[in-house]
1. At a temperature of 37 °C and a viscosity of 0.692 mPa s, determine how fast the stretch A:31-109 diffuses translationally according to Stokes-Einstein, using the Kirkwood radius over alpha-carbon pairs as Rh; express D in µm²/s, rounded to the nearest whole number.
2. Report, by chain and number, residues whose modeled amide H sits under 5 Å from the one on B:Trp158, excluding near sequence neighbours (fewer than 5 apart, same chain).
3. What is the set of long-range amide H partners of B:Val93 at a cut-off below 5 Å, with H atoms built 1.01 Å from backbone N?
4. Please report the relative contact order for chain B, taking Cα pairs under 8 Å with a sequence separation of at least 6, and give it as a percent rounded to a whole number.
5. How far is it, in nm, from the label point at A:Glu49 to the one at B:Ala80 when both lie 7 Å from their Cα along the line to the Cβ?
6. With labels modelled as points extended 7 Å from the Cα through the Cβ direction, what inter-label distance (nm, one decimal) is found for B:Asp163 paired with A:Met12?
7. By how many nm would the segment from B:Thr63 to B:Ser132 grow when fully extended, if each residue of separation counts as 0.36 nm and the alpha-carbon distance is taken off?
8. Quick check of the Kirkwood formula: for the stretch B:51-194, what is the inverse mean of 1/r over all pairs of different Cα atoms, in Å?
Amino acid sequence: MAPTPDRQISNMPEEVELPRSNGELVFEAPWEGRAFGLAVALNEGGAYEWSEFVSQLSREIKADPSEEKAYYEKWLSGLAGLAVKKGLISEEELSRRTHEYETGERNDDDH
Amino acid sequence: MSGHHDDGHTHEQNEAELRTKALESLLVEKGIVSTDVIDDVVRAYEQDIGPMNGAKVVARAWTDPDYRERLLKDGTMAIAELGFQGAQGSEIVVLENTPETHNMVVCTLCSCYPWPILGLPPTWYKSEAYRSRAVIQPRAVLSEFGLELDESVEVRVWDSNSDVRYMVLPERPEGTEAMSEEELVGLVKRDSMIGVAKIPSPAPAV
């Protein structure tokens with residue numbers, strides 16, 4: 001069953017608004033779409049309320065007033081932070097796994 | 001083992017990309033989320049999102065013969081005219097489907113895809129089955145997509161890589177002569193721009 005786009009996700013508050021071009025969502029790279037899907041899927045699975053994610057994201061955005069980082073980098077930081085906060089993963093295992101992908105120790109690359 | 005990353009299929013593996021992968025893999029491993037659900041979510045949100053850019057390119061080419069010519073000659077440039085970019089410096093080559101020639105696109109090594117104009121690749125595009133069979137048995141694959149081509153039609157399969165990405169310019173369906181460019185945009189679906197589907201004629205207006 002395909003989920004239908006949720007209005008609270010399609011229409012986020014202005015300060016955390018999803019990047020769009022001509023009304024369409026814009027992903028600068030495939031991983032951004034993946035990070036997007038992951039956050040939405042976790043919410044749908046009941047891991048957290050969407051509002052909790054929004055406030056986490058909003059914090060990341062406010063911490064970067066000069067907008068040096070791309071939107072989805074902040075999205076990802078917010079998501080990882082929330083996953084740790086909710087006890088879904090630990091920061092340590094995330095760093096370790098990231099390192100494994102970086103060194104090629106782990107590779108299930110299919111993009 | 002990342003050996004295939006050195007043969008022209010180089011991808012930028014930045015920190016955020018790696019962390020996203022790591023996060024997904026941990027959450028999937030713990031059974032908190034499944035890859036299929038993420039796929040479904042992305043699909044639902046991108047459905048009428050990504051492919052729109054490609055559809056605009058196609059509709060313009062159908063209605064403006066000069067544009068069509070420029071598009072087939074230099075896809076990257078012509079697509080940039082409409083404000084869309086290629087992926088990280090890769091070229092976009094546009095292939096025209098005609099009654100005699102049918103083009104379809106695959107990436108046999110990974111899943112290189114013209115995502116700035118077509119959005120994120122569909123799950124099947126990344127599947128081992130499609131990647132391996134598109135080249136060997138293109139007609140069988142097309143028929144699984146519901147597309148039966150006459151024996152006389154030549155099928156050409158194009159293997160994408162990080163330098164060149166392909167997009168198919170599908171045939172304009174019959175019965176659309178009176179439609180405006182904007183109306184035509186709505187007819188163009190993603191699969192037709194990958195070359196695994198044709199665009200059906202619209203139902204006649206009542």
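1. 244 µm²/s
2. B:Met104, B:Val105, B:Val106
3. Residues meeting the criterion, in which the H sits 1.01 Å from N, are B:Arg165, B:Tyr166, B:Met167.
4. Reported as a whole number, the value is 25 percent.
5. 4.8 nm
6. With each label placed 7 Å out from Cα toward Cβ, I get 3.7 nm.
7. 21.3 nm
8. 15.4 Å
All of the numbers you see were taken from the coordinates with simple rules; none came from a lab. These figures come from a predicted structure and were not determined experimentally. Please note: Cβ atoms are built from the backbone with ideal geometry, for glycine as well, and neighbour counts cover all protein chains shown.
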